[in-house]
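The values are calculated or read from the model by the stated rules, or taken from the named source; none is laboratory data. Here the structure is a predicted model, which is why all the values come from computation and not from measurement. Because the Cβ atoms are built from the backbone with ideal geometry, glycine has one as well, and the counts that use them run over all protein chains shown. Calculation scope for accessible area: heavy atoms of the full protein, side chains included, ligands and nucleic acids excluded. Shrake-Rupley method; radii C 1.70, N 1.55, O 1.52, S 1.80 Å.
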Amino acid sequence: MRITLNTLQKMMQEGDKITMLTCYDASFAALLEEAGVESLLIGDSLGMVLQGHESTLPVTQRDVVYHTACVARGAKHAFIIGDMPFGTFQLSPQEAFRNAAEIMAAGSHMVKIEGGLPMLETIEFLTRRGIPVCGHLGLTPQSVHQLGGYRVQGKGDTAAQRLLEEAKQLEQAGAGMIVLEAIPALLARDITAVLRVPTIGIGAGVDCSGQVLVLHDMLDIYPGKKAKFVKNFMRPGGSIQAAVAMYVKEVKAKTFPGPEHSF
Ligand code: KIV
């Protein structure tokens, strides 16, 4: 049976942690859902781990549509989320709708949009027109040059309060899920506690409703620098299937992420 946003919402209410991994092709889609991963994200991280770029900025609409279609052909049960690439949603809600609709038509069940307050109008526009939206707050890699690097966000009372407010407003605008990246674990816990929609953490501690990692990071096949929040599941796992199964088991048991992967 297909996992839906309702399924994930129910899991959150029951305290069953949601597992998500990035995925870019049909074979991995089948393998990941077979190992128990509930949600697959066609992340714009594909620009770095598949295409070899230094950031996610060069990823195009065509890239995400292509990889979403590949994943959708391989996944029979998982909830599929397509990332909206840099430059495809910031200009106007109308343009965002046109691009989001194309990603949905390729097989996605939700689109992900990076950013806080400036995205509220677009999130409302899309969700009122039938396109579920996942927000993305904290370290938003498409803004790496504005943030001055891949840095932990939401540190200190003022920044933390701002992030908490942004999360509430995203939910109010219609976001059905929110990714929290590289923020203090206690802040992610507070945000998760006040929201009614699931939070998915990456470098945001163990108290989010679920976790996501970039597939190539957790399998230790990305040659670039790894963030503190990444765990190599391949070393103890020994095979790709065992590594993914171990990730699912540890997220469900709340043993990943540990304090050593959190801020
Ligand atoms: O592009 C991506 O892989 C992401 C995750 C890191 C959340 O946005």
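Some notes on this structure:
- The number of residues in region 6-23 being in a helix (DSSP H, G or I) and within 16 Å of the ligand (Cβ to nearest atom) comes to 1.
- Every residue from region 111-122 that is within 16 Å of the ligand (Cβ to nearest atom) and on the phi < 0 side of the Ramachandran plot: 111, 112, 113, 114, 116, 119
- Residues that are within 21 Å of residue 227 (Cα to Cα) and among the small types (Gly, Ala, Ser) within region 6-62 comprise 43, 45, 47, 52, 55, listed in sequence order.
- If you filter region 29-44 down to residues that are among the charged types (D, E, K, R) and more than 11 Å from the ligand (Cβ to nearest atom), you find that the one that is nearest to residue 100 (Cα to Cα) is 38.
- Residues being in contact with an Asp or Glu (Cβ under 8 Å, 6 or more places away or on another chain) and away from the ligand (no atom under 16 Å from the Cβ) are represented in region 175-190 by at least one member.
- Per the conditions (1) closer than 23 Å to residue 91 by Cβ; (2) open to solvent by 70 Å² or more (accessible area, probe 1.4 Å); (3) not in a loop (DSSP other than H, G, I, E, B), the sole criterion not satisfied by residue 129 is (3).
- Some residue of region 45-60 being of a type in the set (A, V, I, L, M, F, W, C), under 16 Å from residue 136 (Cα atoms) and within 14 Å of the ligand (Cβ to nearest atom): yes
- Filter result for residue 155 (without any contact (Cβ under 8 Å) to a residue 12 or more places away in the chain, out of contact with any helix residue (DSSP H, G or I) (no Cβ under 8 Å at 6 or more places or on another chain), surrounded by fewer than 17 Cβ atoms within 10 Å (Cβ to Cβ) and basic (Lys, Arg)): no
- Candidate set from region 124-162 (those that are hydrophobic (A, V, I, L, M, F, W, C) and within 16 Å of the ligand (Cβ to nearest atom)); member that is nearest to residue 47 (Cα to Cα): 144
- The criterion of at least 1 residues that are open to solvent by less than 40 Å² (accessible area, probe 1.4 Å) and modelled with pLDDT of 95 or more is met, among helices (runs of 4 or more DSSP H) falling completely within region 176-254, by 185-194, 215-218, 240-252.
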